[in-house]
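Only one structure is covered here, and it is reproduced in the block below.
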Amino acid sequence: MATTTTTTPPQAPSYPNQVTGMYILARALRLLGIDAMYGLVGIPVTDFAYLVQEEGIRFVGFRHEQQAGMAAATHGYLTRTPGVLLTVSSLGFLNGLTATANATVNCYPMIQISGSSEREPIDLNQGNYEALDQLSIAKPLVKAAYRVNRPEDIPTALVRAYRSAISGRPGGVYLDITTPCLGAVMDKAEADKLFFTPVDMCPSMPPAPEAVDRAMELIAGAKKPVILIGKGAAYACVEGQLKELVEKTGIPYLPMSMAKGVLPDGGPLSALSCRSTVMSQADVVVLAGARLNWLLSRGHGKWSPDTKFVQLDIAPEEIDCNRPIAAPVIGDLTSILNAMIERLPDYKMSMDPQWVPSLQAETKTKAVKFAERLDAAKSASPMNHWTALGAIKPVMDANPDVILVNEGANTLDDTRDTLEMTMPRHRIDCATWAIMGMGMGSAIGAAVATGKSVVAIEGDSAFGFSGMDFSTICRFKLPVTVVIFNNGGIYNGIGVNLSNNGDPAPTTLDVNARYDKLGEAFGAKSYYVTTPEELSAALTEAIASKAPAMIDVQLAADSGKESGHIGYLNPESLQHITV
Ligand code: ADP
Ligand code: TZD
Ligand code: MG
């Protein structure tokens, strides 16, 4: 039988003169200003979580580590300080790591702290309790990974993790703390000497002046320029600088999904509904905290071969990633935009006077068509996605400070198209990886980090990934309303099983499921709605209540098409079977 001996026998500290590693970690977190931690406890971190609460840090206990991680990531994105996730060893670590990896891909700052079992039996593969070489597994998926073996290294390790998460391009950081280290005992007087106040945790990174000049020259000479705003700009809180730049130059802007609201979607210079025109006609595109990845190619439009790019980004390795960048400007966005604004008086813009009016005319035509589409859907019974969104839109317009969380396929795409954002950092979605299973976690992270109300609009499939953590919303009495678009399936509920053996099709869920009952189970105010009137009344009441609420929106099973707007990414299409 494999040995399960402990190399360092646990030693009880004699309070108050002695402390343990887990005490040092909790204290170090508080001294760094961490005010919330998201996680799920068990051996070896349960007592640590109690100490975290004792330090006055809010501990939000979840039902699944992935959701705790999504909450930490969203907390990091909204506050520009690392969100913190706590997991147990082995599967708890792996469950949480999915969110830490997703945070890294999306440039959200977070730290996953995981207990791990002691080193020696792991290295000899002796089958110890929850033994897994967690550090090696985490490394390729995160921005940085560290292991702490000695309690005296904890404050330094935490500062390193913090700096790694927020400096340069933000990302997920893994901090592995072994069980012996968590339990190791030190004299309190010695431990107290370990803490220090780090200086300048997220230094500004001003751009090179010649890079700014090169960019300004290109922009000033452009006939049809556009500023493409990404979630890096939302994260950097540069809405003030972007507003000034846009107003002083008259250059139109186009936001990526989570950058909606950095500048108002409906502003006179918003080219939000002219994406294809912008991509095919713009001669100079300024990427402000946005990457030229899959979201800006293929089915999402095609850049003209002549388009020249100015890229404002903190990560030098991003430059030339998919297209040659004529004018890279490397630095933090605040410094870059301040420098550009300062140089503005030296340049004269040569924008084509017809460029903005043509985009405005297109915007107007599209808005009329869109209103007609919502109007036509009004009387659909059962409701379809557009009927529901037509009812939701005026309610969300009346509550602009509510944070919107959004995932699904059609539920994602149609909601993004319908709901205008007027405030920055108010839209959080499945983002760069387009993953399902961020909903409840992100809603919780957003509510805890900001104290604001949240509405999560979820496809029925998307909700299923994180649904149990609706109970966390209820236990913590958060002002979160979950709206489920139930069309009975992944994309829709009319998939056909090609074998006729009676099993549901791969995409089929349950169009008759009553998600409102799930809300009731945890004490939330719950609604089952079948008409747009019921939906808008329920949503209005739910937001006003500032309490947990669940709205099951009954849609038709045939509402929605395969993969929403990104069906073109499927290798083979069975569109003849589904809608
Ligand atoms: P979107 O999906 O909205 O296009 P991405 O996540 O693809 O946005 O891109 C965000 C970009 O923003 C990344 O390339 C990242 O390096 C950059 N970024 C993040 N924070 C900052 C900052 N403070 N200053 C400059 N660039 C930043
Ligand atoms: N698993 C994970 C983690 N991420 C994914 N993106 C998918 C599976 C595949 N997938 C999508 O890309 S969208 C989606 C899945 C399962 C759900 C779509 O159904 P929905 O929304 O009910 O959430 P609509 O309104 O029915 O389209
Ligand atoms: Mg669905």
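Can you check what the net charge comes to around T104, using other residues whose Cβ is under 13 Å from the Cβ of T104 (Lys, Arg +1; Asp, Glu -1)?
Once all neighbours under 13 Å are counted, the net charge is +3.
Compute the distance in nm between two label points, each set 7 Å from the Cα along the Cα-to-Cβ direction, one at W433 and one at S381.
4.3
With all distinct Cα pairs included, what does the Kirkwood hydrodynamic radius of the range 427-473 come out to in Å, to one decimal, could you say?
10.9
If R0 is 25 Å, what FRET efficiency do you get for A361 and D397 from their C-beta distance, rounded to 0.05?
0.60
Can you list which of the chymotrypsin sites (Phe, Trp or Tyr not before Pro) found in the range 392-473 are DSSP loop residues with at most 14 other C-beta atoms within 10 Å?
W433
Could you tell me what % of all Cα pairs in the range 135-288 have separations over 20 Å?
Result: 64 percent of Cα pairs exceed 20 Å.
Expressed as a whole number of Å, what is the distance separating the alpha-carbon centroids of the range 59-131 and the range 422-492?
20
Between beta-carbons, use under 12 Å as the cut-off and find the net charge around A557, counting Lys and Arg +1, Asp and Glu -1.
For residues surrounding A557, the net value is -3.
Out of the chymotrypsin sites (Phe, Trp or Tyr not before Pro) in the range 131-197, which ones are loop residues according to DSSP with at most 13 other C-beta atoms within 10 Å?
Within the range 131-197, the qualifying chymotrypsin sites (Phe, Trp or Tyr not before Pro) (loop, at most 13 other Cβ atoms within 10 Å) are F196.
Take the eigenvalues of the Cα gyration tensor for the range 382-524, scale each by 5, and report the square roots as semi-axes in whole Å, largest first.
The equivalent ellipsoid of the range 382-524 has semi-axes of 26, 18, 14 Å.
Sticking with the crude label model, points 7 Å out along Cα→Cβ, report the distance from N497 to V199 in nm, one decimal please.
Going by the 7 Å Cα→Cβ label model, 6.9 nm.
Please list the three semi-axes, largest first and in whole Å, of the ellipsoid equivalent to the chain, using sqrt of 5 times the eigenvalues of its alpha carbon gyration tensor.
They are 41, 33, 21 Å, listed from largest to smallest.
If you take every residue apart from F48 with its C-beta less than 12 Å away from the C-beta of F48, what net charge results, scoring Lys and Arg +1 and Asp and Glu -1? Numbers along the way, then the final one.
Details: positive: R27; negative: D47, E54, E55.
Summing Lys and Arg as +1 and Asp and Glu as -1 gives -2.
Assuming R0 = 30 Å, what is the FRET efficiency of N570 and A513, from their Cβ-Cβ distance, to the nearest 0.05?
On the way: r = 26 Å, r/R0 = 0.87.
FRET efficiency, N570 to A513: 0.70.
Relative to the longest principal Cα axis of the chain, at what angle does helix 209-220 sit, 0 to 90 degrees, rounded to 10?
It is inclined by approximately 30 degrees.
Projected area of the range 262-344, taken from the Cα convex hull and averaged over every viewing direction, in nm²? Show your work: numbers first, answer last.
Values: hull surface 24.0 nm².
About 6.0 nm², averaged over all directions.
I'm a student and want to see the number: the projected area of the Cα convex hull of the range 229-286, averaged over all directions, in nm². Don't skip to the end; give the middle numbers.
Working: hull surface 15.0 nm².
Hull-based average projected area comes out at 3.7 nm².
Limiting things to C-alpha atoms, what are the Rg and the maximum Cα-Cα separation (Dmax) for the range 86-128, in angstroms?
When restricted to Cα atoms, the range 86-128 yields Rg and Dmax of 12.6, 37 Å.
So what is the diffusion coefficient of the range 462-568 in µm² per second by Stokes-Einstein at 37 °C and 0.692 mPa s, using a Kirkwood Rh over Cα pairs? Before the final figure, lay out each step's value.
Working: Rh = 14.8 Å.
The estimated diffusion coefficient comes to 222 µm²/s.
Using a Cα-Cα cut-off of under 30 Å, which lysines could be cross-linked to K224, ignoring same-chain neighbours fewer than 8 residues away?
Those lysines meeting the cut-off are K243, K248, K260, K302, K308, K348, K364, K366, K369.
Quick one: if the Förster radius is 25 Å, what FRET efficiency do T46 and L124 give, using the C-beta to C-beta distance and rounding to 0.05?
Taking R0 as 25 Å, the efficiency between T46 and L124 is 0.40.
Would you mind computing Rg(Cα) / (2.2 N^0.38 Å) for the range 346-438, counting N as its residues?
Numbers: Rg = 16.9 Å, N = 93, 2.2 N^0.38 = 12.3 Å.
Against the empirical 2.2 N^0.38 Å value, I get 1.37 for the range 346-438.
Per residue and in Å³, how big is the convex hull formed by the alpha-carbon atoms of the range 357-403?
On the way: hull volume 4.4 nm³, N = 47.
Cα-based convex hull of the range 357-403, divided per residue, equals 94 Å³.
Please work out the Cα center distance from the range 139-179 to the range 272-295, rounded to the nearest Å.
35
Which angle between 0 and 90 degrees, to the nearest 10, do you get for helix 91-106 versus the longest principal axis of the chain when only C-alpha atoms count?
Helix 91-106 sits roughly 40 degrees off the main axis of the chain.
Quick note: the coordinates plus some simple rules give every number you see, no bench work behind them. The shown structure was predicted, so the numbers you read here are calculated from the model rather than taken from an experiment. Note: ideal-geometry Cβ built from the backbone for every residue, glycine included; neighbour counts use all protein chains shown.
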